[in-house]
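A quick write-up on the structure given underneath.
Just so it is clear, none of the values below were taken in a lab; they were calculated from the coordinates. Worth saying up front: this structure is predicted, and the values here are computed from it rather than measured. Neighbour counts are summed over all protein chains in view; Cβ atoms, including those assigned to glycine, are modelled from backbone coordinates with ideal geometry.
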Amino acid sequence: MTASDMLALLPLLLIAGSSVAVLIAAAVGRNHAVAFGLSLSGLAASFCSVFFVPATQVTALLDIDGYALFFFGLISAASFAVALLAYGYLRNRDIDKEEFYVLLLVATLGAMILAASSHFASFFLGLEVLSIALYALIAYFGDRPLPVEAGIKYLVLAASSAAFLLFGIALVYADLGTMDFARIEHILAANPNPNLTLLLPGVALVVTGIGFKLALVPFHMWTPDVYQGAPAPVTAFVATVSKGGMFALLLRYFAQSGINRFAPALLVFTIIAIASMLAGNLLALLQSNVKRILAYSSIAHMGYLMVALEVGGAIGASAVVFYLVAYFIMTLGAFAVVTVLSAEHRDADQMEDYRGLFWRRPVLALVFTAMLLSLAGIPMTAGFLGKFYILAAGAAAGSWALILILVIASTIGLFYYLRIVVILYQQPGDANQPLPLRMPAASLVLAALTVILVWLGVYPSWMLQAIHTAIGSLL
Amino acid sequence: MILLWLIVVLVGGGLLAWLAARIHPLLCRWISLAAVLVDLALALFEASRHLSSGNAGMNTWFEQVDWSWIPQFGIHFHLALDGLSLLLVLLTLVLGVVSVVISWSAHIKALGFYHLNLLWILAGILGVFLSLDLFLFYFSWELMLIPMYFLIAIWGGERRTYAAVKFFLFTQLSGLLMLIAILALYFAHYHATGVYTFQYTALLGTPLSPHTAMWIMLGFFIAFAVKLPMFPFHTWLPDACAEASTATNVILAGLLATTAGYGMIRFLFPLFPGAFRAFAPVAMTLAVITILYGAILAFSQTNLMRLLAYASISHLGFVLLGIFSGSGIALQGAVMTLIAHGISTSALFIVAGSIEDRTHTREIGVMGGLWDTVPRLSGAGLFFALASLGLPGLGDFVGEFLILLGTYRAHTAMTVVAACGVLAATFYALRFVQRAFQGPNLRPWRLPDLALREGLTLGAMMVVLLWLGLYPQPVFHTFAQAANHLPALWR
């Protein structure tokens, strides 16, 4: 490994280094502010390093190209926001706080490895680093029943899906003799009609592992419980960084391994996309808990992303990345509002917590409205352009049936987003709501997210340019 | 640049009014009024500049703003003004002034946010009338929804949530279908020419197979048909009107329908002439059904707002008929009806709102004999009811007469049936007048009559209707300029 390889790994090393630093600092003396400061500086440094790190392939495992660097930036920025949310959330609770940041940094590292991996081994490594940190994060409040239940559920299901994934990788390896995405592409290109006996089950099992992490239907069962049980900042992390890192990997896998040449695989992905869009939105209609609604809505959003993924090519890939950016912003924003409104002993996840919010805290209500309208895909928000981009990608490929289903599904989705919005503006029922805690850091996050949301919704050229460059290195 | 200012003044005025409400409610109202009046002055200045100079017949846009917006998709920020959009911009701003004025004395919760929504929806409507880039058009089209949603959902009546959500879902789904159609056209144009563009002028000549053109046209048509609203997509309007406040109803019935009519005239025929012709018989049949169905349902309503909503649907059926008849005369009538209907229906909603403010009911059965106690209000009600049923000398008559005249040459049977709709209008309009204003005052009602502010507003609207009815030439003259470069309708 050369010096330039080490330089290319700098974004990862900075995150890993700061997690060790937080650990050592906590060993010397527990101090929430120090742990918080160290994590923030590590994440910020990692974000900044993205802009000058050279793009190279580091060993066969990690491909630090423009695409990976783009996601490094996105993931570290999102974790930065989660850390800011977590600070106010943890500060008012009687619990050891320093380990939270260690786990958060380790999970971030795992997601970044996923975004850069070009090999099944690094894929699995990144996945496990991410998952193991998440088990602990979800159940961080060990004295409450719901987080523990959510943590155990996630542990059992994630561990078994990882086993499926591992078995799938083994089958692919047994058939093709390689775990490198580019090599797989090479072998498949040379032999257009491969023997599918081992390959097809292998790919199917890999898809199971990926589908679990992304909470695609029919691997979505864990999502509502984990979203509901996990502390709000952790839910934000699971919804954005964890899924984002995995989707980055899936897109790379699609683009580099040539797996989309198989008609059966494409058919499976189409069914998964349609099922996720419809089931996510329809099941969300039945929920009355805000976190569960957002959980089902995230299932539907992953379905929309699958539509763009299927289209493929430069336009499909750019649509995926743009939508992911928009999804990060609006999901973080929505969970930031949940975090800000949470009382000391429970998260603000009941509809009642939001009734008449506009009359109590008008700015917060408007910000939440903006995030929900963005999730619904209304103009002036990043979510609208994201949806526009996916529809454009679908139209370019002539997948009319898929985008028609997308349109119908997103109209169903509109219904439950509007349900929350309506409640925000109703007359408040009772005046003695639990007083929310003051969280200046979280308010800062909300302000920044809202500005970016509208900026991207009105003037997205700079982001499109950045995505264009990033995609260029992938295809 | 004036075109940009038209929108900026409203958006900025809305924000200022929102902030000003924290200082003093009156300041907020004055800022809103000033913003709309400044806009109206700008539009009138624009009108006088281009119409008086005598070159109104020229084959160009009066005024354009064209900037590259999202170059990766070939999206431009392109606003342009011609005779058609000028007329409708003026209508929008007149009704904008009206809606700010009639909200003046009402006790409104969250006053600043109310005015923000009021001005922003006007900005969105102007955006629809001025956009010449299809992406920008769709952007403005969708942007109208959110303020309207809030206006119904926050300041509406008892079942406001249901009405607001229904409105939003109907228009959003149909809007998304239009977006797919826009994208299909965009890629069809790319495959034909190799250029990615959403520019209206560039897309005009896109070669399309008849099959494709029909599907794309239907995508546009459904969005406009829902917004108009046309039978069978009309059910959201009565619900929305029954719950919305008076100023909201002015915009809902007076302006949103106008955007739909505008969209049909500006986009459907010029972009897809072949598919438009092929589809015309179906659309005309639906138009005739809309006319009769709206009229019959209007006759059987007991809720005043629902009655007016169905009456409005019936009138808008004439617009649809006029546009699809393919005759130039009927098209002029359709534009005239859009304007006259915008004024007269809004005025009727104001009258109805004033009655409701005083009697606290919307049920016609409970009213009766109001003429004894509120003669000025009742007189205004009678005037606008007569305008709405098509009394010669008022604007609505000119529009519907021209539509029937033009359609007669294209399709006699349809015209005969549609003319029955005019007859039916007499029944429901007079029923409203008789039940509400005439007869014995049994309750008995003792109510305050029109205040000066209300009286002036309604008086001004009467003057406009009379002017449109007696001397409609300026409207035709202005529209003729636009019709010159809308491709000649079928010959």
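If one computes the Cα centroid of segment B:132-173 and of segment B:346-374, what distance in Å separates the two points?
27
Once you have all Cα-Cα distances for segment B:332-432, histogram them in 5 Å bins from zero and send the whole-percent values.
Percent of pairs per bin, in order: 2, 12, 20, 22, 16, 11, 8, 5, 3, 1.
Put a dot 7 Å past each Cα toward the Cβ at A:Thr178 and A:Ala466; how far apart are the dots in nm?
Distance between label points: 3.3 nm.
Tell me the relative contact order for chain B as a rounded percent, counting alpha carbon contacts under 8 Å between residues six or more apart.
Values: 830 pairs, mean separation 74.1, N = 491.
Relative contact order for chain B comes out at 15 percent.
Label A:Trp400 and A:Phe415 with points 7 Å out from Cα along Cα→Cβ: what is the distance between them in nm?
2.6
Return the equivalent ellipsoid semi-axes of segment B:273-491 as a descending list in whole Å, where each equals the square root of 5 times an eigenvalue of the C-alpha gyration tensor. List each step's numbers first, then the result.
On the way: eigenvalues 236, 72, 28 Å².
In descending order the semi-axes read 34, 19, 12 Å.
Set Lys and Arg Cβ to +1 and Asp and Glu Cβ to -1, take the dipole of segment A:274-475 about its Cα centre, and tell me which of A:Gly394, A:Met330, A:Trp455 lies farthest positive.
Among A:Gly394, A:Met330, A:Trp455, the one farthest towards the positive end of the dipole of segment A:274-475 is A:Trp455.
Given R₀ = 56 Å, what would the calculated FRET efficiency be for B:Trp67 paired with A:Thr197, taking r from the Cβ atoms and rounding to 0.05?
The pair B:Trp67/A:Thr197 has a calculated efficiency of 0.45.
What net charge is computed for the residues neighbouring B:Leu111, neighbours being all others with C-beta under 12 Å from the C-beta of B:Leu111, Lys and Arg scored +1, Asp and Glu -1?
Values: positive: B:Arg22, B:Arg29, B:Lys109; negative: none.
For residues surrounding B:Leu111, the net value is +3.
Using helices alone, I'd like the mean residue ellipticity at 222 nm for chain A: each DSSP H run of four-plus residues gives -39500 (n - 2.57), total over residue count, nearest 500. Walk me through the numbers on the way to the answer.
On the way: 21 runs with 364 residues, N = 475.
Per the formula, -26000 deg cm²/dmol.
With charges only on Cβ, +1 for K and R and -1 for D and E, what is the dipole size of segment A:274-475 about its Cα centre, in debye, rounded to 20?
Computed charge dipole of segment A:274-475: roughly 160 debye.
Expressed in nm to one decimal, what extension gain is obtained for the pair A:Gln350 and A:Leu7 from 0.36 nm per residue of sequence separation less their Cα-Cα distance?
Extra length available between A:Gln350 and A:Leu7 comes to 118.8 nm.
Mind listing the phi-derived Karplus ³J(HN,Hα) values for segment B:153-164, rounded to whole Hz, using 6.51, -1.76 and 1.60 with θ = phi - 60°, and x for any glycine or proline?
The phi angles translate into 6, 9, 9, x, x, 5, 9, 5, 5, 4, 5, 5 Hz.
Semi-axes of the equivalent ellipsoid for chain B, please: Cα gyration tensor eigenvalues, times 5, square-rooted, ordered largest first, whole Å.
Equivalent-ellipsoid dimensions as semi-axes: 34, 26, 21 Å.
Note down the magnitude of the dipole of chain A about its Cα centre, charges +1 on Lys and Arg C-beta and -1 on Asp and Glu C-beta and zero elsewhere, to the nearest 20 debye.
Approximately 700 debye in magnitude.
Using a cut-off of 14 Å between beta-carbons, work out the net charge of the residues near B:Ser354 (Lys and Arg +1, Asp and Glu -1, B:Ser354 not included).
Every neighbour counted, the sum reads 0.
Kindly rank B:441-450, A:222-231, B:26-35 from highest to lowest mean number of other beta carbons found within 10 Å of each residue.
Details: B:441-450: 14.0, A:222-231: 24.0, B:26-35: 20.6.
Put in order of decreasing packing, that is A:222-231, B:26-35, B:441-450.
Please give the net charge around A:Ser161, taking every other residue with its beta carbon less than 13 angstrom from that of A:Ser161, where Lys and Arg add +1 and Asp and Glu add -1.
+1
Under the Kirkwood approximation applied to all pairs of distinct alpha-carbon atoms, what is the hydrodynamic radius of chain A in Å?
By the Kirkwood definition, the hydrodynamic radius is 22.3 Å.
Which one, B:Leu452, B:Val433, B:Phe279, is farthest towards the positive end of the dipole of segment B:273-491 when Lys and Arg carry +1 and Asp and Glu -1 on their Cβ?
B:Phe279
With an 8 Å Cα cut-off and a minimum separation of 6 or more residues, compute the relative contact order for chain A in percent.
On the way: 792 pairs, mean separation 75.7, N = 475.
Relative contact order for chain A comes out at 16 percent.
Per 5 Å bin, what is the whole-percent P(r) computed from every C-alpha pair distance within segment A:49-118?
So the P(r) values, bin by bin, are 3, 16, 22, 20, 14, 10, 7, 5, 2, 0.
Run the simple label-point estimate for A:Leu266 and B:Asp449 please: 7 Å along Cα→C-beta, distance reported in nm.
Taking the simple label geometry, A:Leu266 and B:Asp449 are separated by 7.7 nm.
Once you treat every alpha carbon in the protein assembly as shown as an equal point and sum by Debye, what is log10 I(q)/I(0) at q = 0.05, 0.11 Å⁻¹?
-0.33, -1.28
Could you tell me how far the Cα centroid of segment A:65-95 sits from the Cα centroid of segment A:140-172, in Å?
22
Any idea how far the Cα center of segment A:174-230 sits from the one of segment B:297-328, in Å?
Cα centroid to Cα centroid, the span is 57 Å.
For segment B:181-284, what does the relative contact order come out to in percent, with C-alpha contacts under 8 Å and a separation of six or more?
Value for segment B:181-284: 31 percent.
For a quick check: with amide H placed at 1.01 Å from N, whose amide H comes under 5 Å from B:Glu363's, ignoring anything fewer than 5 positions away on the same chain?
Excluding prolines and chain starts, which carry no amide H, the hits are B:Leu304.
What are the extents of the Cα atoms of segment A:285-437 along their three principal axes, in Å, largest first?
Reported extents, whole Å, longest axis first: 54, 26, 23.
Among B:380-391, B:149-160, how do they line up by average Cβ neighbours within 10 Å per residue, starting with the highest?
B:380-391, B:149-160
Quick one: go through segment B:291-316 and flag any residue whose amide nitrogen is under 18 Å from the point 7 Å out along the Cα-to-Cβ line of B:Ala419.
B:291-292
If I take R0 = 45 Å and measure r between the Cβ atoms of B:Arg49 and A:Arg144 in this structure, what FRET efficiency does the formula 1/(1 + (r/R0)^6) give, to the nearest 0.05?
Numbers: r = 70 Å, r/R0 = 1.55.
Computed FRET efficiency for B:Arg49 and A:Arg144: 0.05.
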